Amino acid sequence: MFNFFFGQGMNTFWGAIGAFGTVLAFAVALGQLVNQSKYKNRLLEMEQASEVSSGWLVDERPNISEEEMRQVNGIPSSARLNNNSSLPIYNVFLLSSHLRASENPMDMGISHYKHFDIVAPGEKNIIVMTGGSGAGDHPALAMLFSDSKGITWLRTPKGLLIKMKKEMVNEFLMVYKIDGGPYGNGQSVEVGKP
């Protein structure tokens, strides 16, 4: 009788352990599948945005008139804006900052911006106004834009790509007093100036 209870009980015990192990292995596999799916979805979401590099300054002295210089306080610089994706980007703000700028969107120290309603695929040569160099720091560009899916992204001066939620975009634009307004033609605007 002793053998009957403990023999059967041990089989039941090991059966329960085996069943628990199977359930645990299934849960781990399901968790990995969910994580892989989230990662793949994130890559798909970033697909177009990752093909858009922020503008960069080039060592060419821009051709700019005295009248244009008086309109916006700053130092003119030649820059290139590159959209390597096969689709246009929308509501693009090219932002003058500096290399030592914080990666935190609210602490980037934006001095000037240009707004474009749409930027087609390819490279665009433009003139931007910057705050200039000083104290071992140099001007650099950041870019705020929406992709073809309507997702807004910020490319920081150091190249970090940040997905921006609507509330964050609104706060960003308010902090720097940036307005798309009538500047769809790529006119330079000093931050905080109408």
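Laboratory data are not the source of any read-out in this text; all were calculated from the coordinates shown. The structure displayed is predicted, hence computed values, not measured ones. Here Cβ is always computed from backbone atoms with ideal geometry, including for glycine, and neighbour counts include all displayed protein chains.
Tabulated data for the structure shown
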{"quantity": "Global geometry of segment 83-176, whether rounded, prolate or oblate, following the gyration tensor of its Cα atoms and the 1.5 cut on a/c", "calculated": "oblate"}
{"quantity": "Residue order, fewest to most surrounding Cβ atoms within 10 angstrom, among 149, 166, 177, 114", "calculated": "166, 149, 177, 114"}
{"quantity": "Nonlocal amide H pairs with residue 141, under 5 Å, H built at 1.01 Å", "calculated": "57, 97"}
{"quantity": "Residue 191 long-range amide H proximity, modeled H, under 5 Å", "calculated": "112, 113"}
{"quantity": "Karplus 3J(HN,Hα) series, Hz, for segment 24-29 with 6.51 cos²θ - 1.76 cosθ + 1.60 (x for Gly, Pro)", "calculated": "5, 4, 5, 4, 5, 5"}
{"quantity": "Nonlocal amide H pairs with residue 177, under 5 Å, H built at 1.01 Å", "calculated": "none"}
